[in-house]
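Trainee: Let me give you the structure first, and then I'll get to my questions.
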Amino acid sequence: MHTLIVKAHPSSKGFTHRIADAYKRGKESKGDTVEVLDLYKTDLQQPFLAFENIREDLSKPDPVRAQIQEKITKADNIVFVHPLWWVGMPAILKNFIDVNFSAHFAFKYVNGRPVGLLKGKTSSVFITCDGSLWIYRLLTMPFKTIWKYPILRLCGLKVQAFEVFDKKLFRSEAEQEAFLKKVESIAVRS
């Protein structure tokens, strides 16, 4: 099994990187292969999605998009790790999805209904935030709904795990380590 971990945090000291490393350790302990794509550090940088005519402009060859879509195609399991900013993902990750999880690659419409083209693949999402999870629950956790339905399931991905590490700024090193062990065990089980 091959896993692609997509992480989106501008600081190399961000806890998201430790989460990605823990997931990678868990997968590799099973003998799986893992590739980590750090959106802030990769040579495969992509400008923000822009077009005048969607059908013409997005059908033009784009070597970076082709390389990233090849990584997505190769992966059996796609993992996203990011901080929660303004109750959503960082703009660089949203752009990654906009550009690469495109129509006719990740989904298509049949009789007006979306059909996922990434079926047979699994996905997990790990999010960090400084606020308490109960605050986000009061907001009905829109980021969870957006991830699970209009992104992952629409594209045909089966969601294996969706974990939020809240109150990150206020957590002890022992609590952080306990969460990392949980992430590693999720990786081993999936």
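The values are calculated or read from the model by the stated rules, or taken from the named source; none is laboratory data. Since the model is a prediction, treat every value here as computed from it, not as a measurement. Because the Cβ atoms are built from the backbone with ideal geometry, glycine has one as well, and the counts that use them run over all protein chains shown.
Trainee: Is it the case that the stretch 26-49 has a residue that's of a type in the set (Lys, Arg) and over 22 Å from residue 187 (Cβ atoms)? Full working, then the answer.
Mentor: First, pick out the residues of the stretch 26-49 that are of a type in the set (Lys, Arg): 27, 30, 41.
Adding the requirement that they be over 22 Å from residue 187 (Cβ atoms) leaves none.
So far as the stretch 26-49 goes, no, none of its residues is of a type in the set (Lys, Arg) and over 22 Å from residue 187 (Cβ atoms).
Trainee: Does the stretch 103-142 hold any residues that are more than 30 Å from residue 170 (Cα to Cα), over 15 Å from the mean Cα position of the chain (by Cα) and of a type in the set (Gly, Ala, Ser), and which are they? Before the answer, list the steps.
Mentor: The first filter runs over the stretch 103-142 and keeps only residues more than 30 Å from residue 170 (Cα to Cα), leaving 103-122.
Filter again for over 15 Å from the mean Cα position of the chain (by Cα), leaving 103-105, 107-117, 119-120.
Passing the criteria: 103, 112, 116, 120.
Trainee: Quick check on the stretch 67-109: of everything there that is among the small types (Gly, Ala, Ser) and out of contact with any His (no Cβ under 6 Å at 6 or more places or on another chain), which residue is nearest to residue 10 (Cα to Cα)? Spell out how you get there, then give the answer.
Mentor: Step one: filter the stretch 67-109 for residues among the small types (Gly, Ala, Ser), giving 75, 88, 91, 102-103, 106.
Of the ones still in play, those that are also out of contact with any His (no Cβ under 6 Å at 6 or more places or on another chain) are 88, 91, 102-103, 106.
On the way: 88: 15, 91: 11, 102: 25, 103: 28, 106: 26 Å.
For the stretch 67-109, the residue satisfying everything is 91.
Trainee: Considering only residues that are in a loop (DSSP other than H, G, I, E, B) and surrounded by 16 or more Cβ atoms within 10 Å (Cβ to Cβ), which ones fall in the stretch 1-22?
Mentor: We begin by selecting, within the stretch 1-22, every residue in a loop (DSSP other than H, G, I, E, B); these are 1, 8-14.
Within the stretch 1-22, 8, 9, 14 qualify.
Conditions (1) aliphatic (A, V, I, L, M); (2) assigned to a loop (DSSP other than H, G, I, E, B); (3) modelled with pLDDT of 95 or more, marked per residue:
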{"residue": "146", "(1), (2), (3)": "yes, no, no"}
{"residue": "149", "(1), (2), (3)": "no, no, no"}
{"residue": "152", "(1), (2), (3)": "yes, no, yes"}
{"residue": "169", "(1), (2), (3)": "yes, no, no"}
{"residue": "177", "(1), (2), (3)": "no, no, yes"}
{"residue": "181", "(1), (2), (3)": "no, no, yes"}
{"residue": "187", "(1), (2), (3)": "yes, no, yes"}
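Trainee: State whether one or more residues within the stretch 65-85 are of a type in the set (Ser, Thr, Tyr), loosely packed, with under 13 Cβ neighbours inside 10 Å and within 22 Å of residue 32 (Cα to Cα). I'd like the intermediate steps shown before the answer.
Mentor: Kept after step one, since they are of a type in the set (Ser, Thr, Tyr), are these residues of the stretch 65-85: 73.
Still in the running and loosely packed, with under 13 Cβ neighbours inside 10 Å: 73.
With within 22 Å of residue 32 (Cα to Cα) added as a condition, the list becomes 73.
Yes, the stretch 65-85 contains at least one residue that is of a type in the set (Ser, Thr, Tyr), loosely packed, with under 13 Cβ neighbours inside 10 Å and within 22 Å of residue 32 (Cα to Cα).
Trainee: Look through the stretch 114-143, keep the residues that are of a type in the set (D, E, K, R) and surrounded by fewer than 16 Cβ atoms within 10 Å (Cβ to Cβ), and return whichever of them is modelled with the lowest pLDDT.
Mentor: Once the filter is applied, the top-ranked residue is 137.
Trainee: Just give me the residues in the stretch 90-140 being among the polar types (S, T, N, Q) and either within 30 Å of residue 165 (Cα to Cα) or not in a loop (DSSP other than H, G, I, E, B) (or both), in sequence order. Show your work before the answer.
Mentor: Start the filter on the stretch 90-140 by keeping residues that are among the polar types (S, T, N, Q), which leaves 95, 100, 102, 111, 122-124, 128, 132, 140.
Hits for the stretch 90-140 are 95, 100, 102, 122, 123, 124, 128, 132, 140.
Trainee: List the residue pairs whose Cβ atoms are under 8 Å apart, where the first residue sits in the stretch 104-124 and is free of Cβ contacts under 8 Å to residues at least 24 places away in the same chain, the second is hydrophobic (A, V, I, L, M, F, W, C), and the two are 6 or more positions apart or on different chains.
Mentor: 104/117; 108/115; 108/117; 109/103; 109/115
Trainee: Give the residues of the stretch 154-167 that are at pLDDT 95 or above and in contact with a Leu (Cβ under 7 Å, 6 or more places away or on another chain), sorted by residue number.
Mentor: Of everything in the stretch 154-167, those that are at pLDDT 95 or above and in contact with a Leu (Cβ under 7 Å, 6 or more places away or on another chain) turn out to be 155, 156, 157, 159.
Trainee: Out of 18, 25, 65, I need the residue that is in contact (Cβ under 8 Å) with a residue 12 or more places away in the chain and more than 22 Å from residue 124 (Cβ to Cβ). Which one?
Mentor: Numbers: 18 fails: more than 22 Å from residue 124 (Cβ to Cβ); 25 fails: more than 22 Å from residue 124 (Cβ to Cβ).
Just one listed residue meets the conditions, 65.
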